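Please treat every number below as a calculation from the coordinates, not as lab data. None of the values given here were measured: they were computed from a predicted structure. Cβ sites come from the backbone with ideal geometry, for glycine too, and all protein chains shown count toward neighbours.
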Amino acid sequence: MTTIDQHHQKALLAALGEPGYALLERFMQSLDGRLGLLKDAHRNSEWDALARHAHSLKGAAGTFGACALAEMAGTLEHAAQAQNAPLLQSLVDTLGPLVRLSVAESTALLQNKAP
């Protein structure tokens, strides 16, 4: 399963140069914290906060070519707005492995960057 649009990521990094690599690394480092915020909001049934965190993740993931993560975050946002507890539980359970896979694929791209 490919979670990253490598063409999008490579184009973004080519356009931004070295600062783009730093931004991508910062985004990847932020994912554990974002995941924690989503899980906390879900655990506390804070639907508005969950929707806001999911919306933020959707935008950031889309910016960096993490297409599968952006799509799941969008679904999570809508499920939070609808307070669809069964769907939210399934999405939150699936989000962690998807985050790890997205980070692994992006890390591989960063490790292969041209000097």
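Here the Karplus relation 6.51 cos²θ - 1.76 cosθ + 1.60, evaluated at θ = phi - 60°, turns the backbone of the range 78-88 into coupling constants of 5, 5, 5, 4, 8, 6, 8, 4, x, 5, 4 Hz, with x for every Gly and Pro. Given a cut-off of under 8 Å on Cα pairs at least six residues apart, what relative contact order in percent is computed for the chain? Once normalised by length, the contact order is 32 percent.
The simple spin-label model puts a point 7 Å past each Cα toward its Cβ; for GLN6 and TYR21 those points are separated by 1.8 nm. Could I have the simple spin-label model distance between ASP93 and LYS39, label points 7 Å from Cα toward Cβ, reported in nm to one decimal? Going from the ASP93 label point to the LYS39 one covers 1.5 nm. Only helical runs count toward this figure. For the chain, summing -39,500 (n - 2.57) over DSSP H runs of n ≥ 4 and dividing by all residues gives -28500 deg cm²/dmol at 222 nm.
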